[in-house]
Amino acid sequence: MVSPAATVGRARKFGAPHGHHVRKAIIPLAGLGTRLLPATKAVPKGMLPLIDKPVVQYVVEEAAAAGLADILLVTGRNEPTFDAHFGQAPQLARLLAGRGDKEALAELDAMTGLAQVGRVTQDEPRGLGDAVLLGADHIGAEPFAILHGDNVLRQRDSLLARMIAARRRYGGTILALTEVPRRDVGARGVVAFEHTGDPAVVRITDVVEKPTEADAPSNWIMIGRCICDPAIFGVLRQTPPGHGGEVQLSDALRALTALRADDGGGVHGIFFHGSRLDTGNKHDYVRATVELACARPDLAGEFLPWLRRYVAGLS
């Protein structure tokens, strides 16, 4: 575990003012996707489709809707499909225009105009903390968002906007939290917290990566949405490999809980009670596809009656 005292000097250098506008985001996507093999043998898991859009596009749309216009994807090696998807496609655009397919052309224009999307490569899977650190030069001395690339929020509501507002008020780093059954805490970063005067915001006092059920400080987990002070980069540079032999973002967040807000420290949490779709394994991926199809006005009218008939036929 990195010593909080050892990071104070670097935190002072990179800590950003509370009111600094949040306009950049990092989306880590370099995981191997082994739980989705063989589909991910040749296609990165972030590019797997959820109905008619790849998973990563939902996350980029969420970021863009919150005003994050500069997005950095952290991918594995040899994954040019991300560049092709978010880049211009003049030949396809000309083809659609020639056919008079205005609807498809508008969809294409909307996707490529979402945000400025760049990419950096994580050569080997060395952990989420290492993936975030790869974006340090791009982010600079600004606060920024981290959005996990395999989590899709069905009810985007104002989660990121609320987190950005909390950052302006409290400074430091803001985490999105959701409550899970105690038996499920071992798969995520779990937090300990104390209440503030705001019922929607808590102060994080500890972060534990994938604890046992007995050792978990609560049953509230991080859901892969953070607004981070740039001081976290200085902490990550001094964070040794932790759980699983990887550089864990949760270890750096734990160190930040011990620092003053003036030094870029302090960590607060926002409660999220909406629907979160995890696409990182086969069961959740299928459930996410069905949930999104049931919620889509252009699909539900035909899909839901069929689904009811199909399920009834199984009983």
*Of the criteria (1) free of Cβ contacts under 8 Å to residues at least 40 places away in the same chain; (2) over 20 Å from D150 (Cα atoms), which one G242 fails*: (1)
*Any chance you could count how many residues in region 163-195 are at pLDDT below 90, closer than 15 Å to V267 by Cβ and β-branched (V, I, T)?*
1
*Mind checking whether some residue in region 228-243 is assigned to a helix (DSSP H, G or I), within 30 Å of P38 (Cβ to Cβ), in contact with a helix residue (DSSP H, G or I) (Cβ under 9 Å, 6 or more places away or on another chain) and at pLDDT 90 or above?*
no
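Could you say which residue among D130, D123 is touching a residue at least 24 places away in the same chain (Cβ under 8 Å), acidic (D, E) and touching a helix residue (DSSP H, G or I) at 6+ places or on another chain (Cβ under 8 Å)?
On the way: D123 fails: touching a helix residue (DSSP H, G or I) at 6+ places or on another chain (Cβ under 8 Å).
Being touching a residue at least 24 places away in the same chain (Cβ under 8 Å), acidic (D, E) and touching a helix residue (DSSP H, G or I) at 6+ places or on another chain (Cβ under 8 Å) holds for just one of D130, D123, which is D130.
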_Unmet requirement for P17, which otherwise passes all of (1) modelled with pLDDT of 90 or more; (2) in a loop (DSSP other than H, G, I, E, B)_ = (1)
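Considering region 194-209 alone, what residues qualify as being outside any loop (DSSP other than H, G, I, E, B) and among the polar types (S, T, N, Q)? Walk me through it before giving the result.
Within region 194-209, the subset outside any loop (DSSP other than H, G, I, E, B) is 194-195, 201-209.
Result: T205, single match.
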*Residue in region 42-65 that is surrounded by the most Cβ atoms within 10 Å (Cβ to Cβ), counting only those that are over 19 Å from the mean Cα position of the chain (by Cα) and closer than 17 Å to T279 by Cβ*: V43
_Looking at L68 and the list (1) in a loop (DSSP other than H, G, I, E, B); (2) under 28 Å from K282 (Cβ atoms); (3) under 15 Å from the mean Cα position of the chain (by Cα), which single condition is not satisfied?_
(2)
*State which residue is surrounded by the fewest Cβ atoms within 10 Å (Cβ to Cβ) when the search covers only region 217-244 and only residues that are out of contact with any Gly (no Cβ under 8 Å at 6 or more places or on another chain) and aliphatic (A, V, I, L, M).*
I223
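The values are calculated or read from the model by the stated rules, or taken from the named source; none is laboratory data. None of the values given here were measured: they were computed from a predicted structure. Here the Cβ is made from the backbone with ideal geometry for all residues, glycine too, and neighbour counts use every protein chain on show.
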